[in-house]
Amino acid sequence: MSVKQVLIVGGGMVGAACAIKLAKQGMQVCVIEQQVIDPQAVLQSDQVDIRVSAINRFSEQLLDELGAMPALRQNRIAQYTQLEAYEDKPEQLLFDSQELGASHLGHLVENKLIQAALWAQFEKYDIKVCSPEGQAQQLLQTPQGATLIYEHEQFECDLIIAADGGRSRIRQLAGIGVTGWQYQQHCMGILIKLDAPQQTKTWQQFKPTGPIAFLPMQYPYANLIWYDEGSKLKALQQLDGATLKQRIQEHFFELPGDFEVVTAAVFPLARQHANTYVSKRLALVGDAAHTINPLAGQGVNLGFKDVVALTHALEGCESLDDALNRYQRQRRGENLLMMSMMDACYFGFSNSLSPLKRLRNLALSAANKSGPIKRQVLKHAMGGVT
Ligand SMILES: Cc1cc2nc3c(=O)[nH]c(=O)nc-3n(C[C@H](O)[C@H](O)[C@H](O)COP(=O)(O)OP(=O)(O)OC[C@H]3O[C@@H](n4cnc5c(N)ncnc54)[C@H](O)[C@@H]3O)c2cc1C
């Protein structure tokens, strides 16, 4: 049985990528999005988004295949060639693209630009966008098809794909539960304007109060990530730019130059995994299926991998159930592994007991000298693509 009509709920980065991929496979695609955007206006706007993603080489290849990379390359996008993790220098783990003979490890891009560059392709592939009033009220899944019912409208299709983020309404309507927890810590993203040449190294330092990270964006911007207790971060966010800058200087020792704070936002952190990624005529992708600690910037990269796995499974499938099960088998275990690795890192570095600290520093230093193992980890971080 072939799938002809697909309804994708959520046109964020993952849903939009999925829409184009399926339309390219010849399916009729409709995207339901509660916040419709004008992609050209977003791409032309000089308003910088505080939400940025480190996209790896796998995601870059997908965005290229979907026609989004040219618009991104003409916009604000920054390549990074080095990635460093440390607790106390000189012990550190440094990944360099040169070790693999690659030009770069990945890119840092604003989320809204990725979304807009994908939406800019919708017209070409005849992808319809709808924004029905109110919330979806009912989801019917029968052997003949799926129906999503709103107060004044209803949508019928062969398959529904839920790409509506961590609080997925569709997952809820389908009665799919999640396992996970809310981390005690929150994280604050701080957009700064940096008085330094274009930076190409992204780094992360593990501190007893939580990690901090530096993400270089296109000159003159950069994003700082600060993990700590939610109440502390919310108090910091209320400070005026000059006082916040002072606090940042006390906490981030390694900034490459003077800077000006543009804006800051605090995000709660959750780990959440859907108990199943599929049910009758339904598949979950991206954050609707898994929300991961953003420690190593993997969330949307995993979402893009879901898109590739799901669309491959659906291509010319004889049985929709078999295709959905194949998708789930391919992705659920890998996503779970990545979530657990992030947690091992997060909790492993969240205490300041000196013997453990010494051990961690030795581990980072040993990993740095580990040659082939390090190259394997690096390849994995790049999404398996060099
Ligand atoms: C602080 C922070 C830093 C991060 N950094 C990175 C990083 O460096 N690299 C990385 O890979 N990931 C990163 N992530 C994770 C990444 O942002 C997410 O994994 C990604 O946004 C998930 O994309 P998505 O399209 O699945 O969901 P979302 O981005 O949540 O998009 C969901 C879309 O669905 C729409 N929607 C929601 N509900 C409905 C509804 N009921 N009806 C219709 N539409 C609906 C929304 O409007 C939205 O457009 C970070 C996350 C955080 C919090």
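The values are calculated or read from the model by the stated rules, or taken from the named source; none is laboratory data. None of the values given here were measured: they were computed from a predicted structure. Every residue, glycine among them, receives a Cβ derived from its backbone with ideal geometry; neighbour counts consider all protein chains shown.
Things worth noting here:
- When the range 46-57 is limited to residues that are touching a residue at least 12 places away in the same chain (Cβ under 8 Å) and in a loop (DSSP other than H, G, I, E, B), the one that is farthest from the ligand (Cβ to nearest atom) turns out to be Val48.
- Criterion violated by Asn75 - all others in (1) closer than 18 Å to Phe214 by Cα; (2) at pLDDT below 95; (3) crowded, with 17+ Cβ neighbours inside 10 Å satisfied: (1)
- The residue that is modelled with the highest pLDDT, counting only those in the range 296-345 that are outside any helix (DSSP H, G or I) and within 15 Å of the ligand (Cβ to nearest atom), is Gln298.
- Number of the exception - Tyr227 against (1) in contact with a Cys (Cβ under 6 Å, 6 or more places away or on another chain); (2) part of a loop (DSSP other than H, G, I, E, B): (2)
- Conditions (1) part of a loop (DSSP other than H, G, I, E, B); (2) within 27 Å of Gly189 (Cα to Cα); number of the one not met by Ser2: (2)
- Note on the range 147-161: residues that are farther than 11 Å from Val9 by Cβ and touching a residue at least 60 places away in the same chain (Cβ under 8 Å) amount to 3.
- Here Ala264 fulfils each of the conditions (1) surrounded by 18 or more Cβ atoms within 10 Å (Cβ to Cβ); (2) within 16 Å of the ligand (Cβ to nearest atom); (3) more than 14 Å from Asn223 (Cα to Cα) apart from (3).
- Residue satisfying all of: in the range 245-295; hydrophobic (A, V, I, L, M, F, W, C) and in a loop (DSSP other than H, G, I, E, B); nearest to Lys193 (Cα to Cα) among these: Leu255
- Unique match (being more than 30 Å from Asp158 (Cα to Cα), within 15 Å of the ligand (Cβ to nearest atom) and part of a helix (DSSP H, G or I)) among Leu63, Leu72: Leu72
- Matching residues, the range 96-111, being surrounded by fewer than 21 Cβ atoms within 10 Å (Cβ to Cβ) and not in a helix (DSSP H, G or I): Asp96, Gly101, Ala102, Ser103, His104
- Applying the criterion of being surrounded by fewer than 20 Cβ atoms within 10 Å (Cβ to Cβ), over 16 Å from Glu123 (Cα atoms) and more than 19 Å from the chain's Cα centre (by Cα) to the residues of the range 4-37, the residue that is farthest from the ligand (Cβ to nearest atom) is Lys4.
- Against the test of being more than 16 Å from the ligand (Cβ to nearest atom), at pLDDT below 95 and not acidic (Asp, Glu), the options Leu94, Leu43, Leu83 yield a single qualifying residue, Leu94.
- One residue from Ala120, Ala146 being touching a Lys or Arg at 6+ places or on another chain (Cβ under 7 Å), modelled with pLDDT of 95 or more and farther than 28 Å from Asn293 by Cβ: Ala146
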